[in-house]
Structure formats: structure tokens, C-alpha cells
1. Listed highest first by mean packing, meaning other Cβ atoms within 10 Å per residue, what order do 40-49, 83-92 come in?
2. Using 0.36 nm per residue, how much length does the chain from L11 to A117 gain when fully extended, once their Cα-Cα distance is taken away?
3. Can you pull the Rg over Rh of the chain, Cα-only, Kirkwood?
4. Can you tell me which of S17, S51, S64 moves the most in a GNM of the chain? Springs connect C-alpha atoms under 10 Å apart.
5. Looking only at R16, R97, R69, which one moves most when the chain is put into a Gaussian network model with springs between Cα atoms under 10 Å?
6. Give me the one-decimal nm value for the distance between modelled label points at R69 and R19, 7 Å along each residue's Cα-to-Cβ direction.
7. What ³J(HN,Hα) values, in whole Hz, does the Karplus curve 6.51 cos²θ - 1.76 cosθ + 1.60 give for segment 87-98 when θ = phi - 60°, with x put for Gly and Pro?
8. Grab the beta carbon distance between A105 and E42, set R0 = 35 Å, and tell me the FRET efficiency rounded to 0.05.
Amino acid sequence: SEVVVVLKACLRDTDRSVRRECITALENLGERPPGYRLVAIERLRQKAESSDTQAQVELAKELSELKPRLSTNYVEAYKWAAIAASRDNQTAKYLVRELELFLTAGEMAAAKQTAKAFNQGRKQSGFE
């Protein structure tokens, strides 16, 4: 529709608040701006790395739903779900079980190792 075209054009505006309003309007119309998901994932990754459990769960969900479906996305999704599950997040526990259906034994071992390394690194740094 013409409204969507205008809203996508306003994403090039130099004013950040205008761009945010356009993104919100596009989302309300069921549209996603180009590159939106990758930017959202990067923001979630930053929050997840600072031990934000909810961001870890959301990042795991986003990565598991990315298309094309790549095993590297499932491995990283499992890593973040496992980290959040280790903090007793129920949604993350369900997601871990779901992701186990899509990973090979080697991929699961790699994902568990990166989750363990992340948790150990946070503890050694005094963040946990």
C-alpha cells in the first residue's frame, strides 16, 4: 500500500525519533523494515552478553526462527537458551528441549561448551 511505501521512505530520515515512529507504524501494519531483524538480533546479543536473562531467551527464539535455517543459528540459539535455562527460566528450558530436536550430537556438544564457557567467564569476572 502507499502508506507502507511512505513509511519505508521515512526510515531514511535523519531524525532518530522519526525513524523510530516509522518502525513502530510499520510493525503495527505487520511490516518489517529492511535489515530490521538483524539489528534487533544485534541489540539482543548485546543485552544477552550482559547477562540479561530475558534477552537471552528472546535472542535464542530469534536465532531459532531465522531463515534460511542454518545449523550455526541453532547452535547459537541453543547456547543462549541453555544459559537462560541455567538461571531457572522456564521458557528457556522448553526452548532447549525443542532445539535438541534439530541439533546433531556434535552441534549440541559445541553449543553446551560455549554456554558453559560463557557462564564460567561471567563467574570469574565477578558478574554472577
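1. The packing order, highest mean first, is 83-92, 40-49.
2. The L11-A117 span can extend by a further 34.3 nm.
3. Taking Rh as the inverse mean 1/r over Cα pairs, Rg/Rh reads 1.08.
4. S17
5. Judging by the Gaussian network model, the answer is R16.
6. 3.3
7. Calculated HN-Hα couplings, in order: 9, 6, 7, 5, 4, 5, 4, 5, 5, 4, 4, 5 Hz.
8. 0.70
Read the figures in this text as sums done on the coordinates, not as results from a lab. Just so it is clear, the structure is predicted and the values come from calculations on it, not from any experiment. Here the Cβ is made from the backbone with ideal geometry for all residues, glycine too, and neighbour counts use every protein chain on show.
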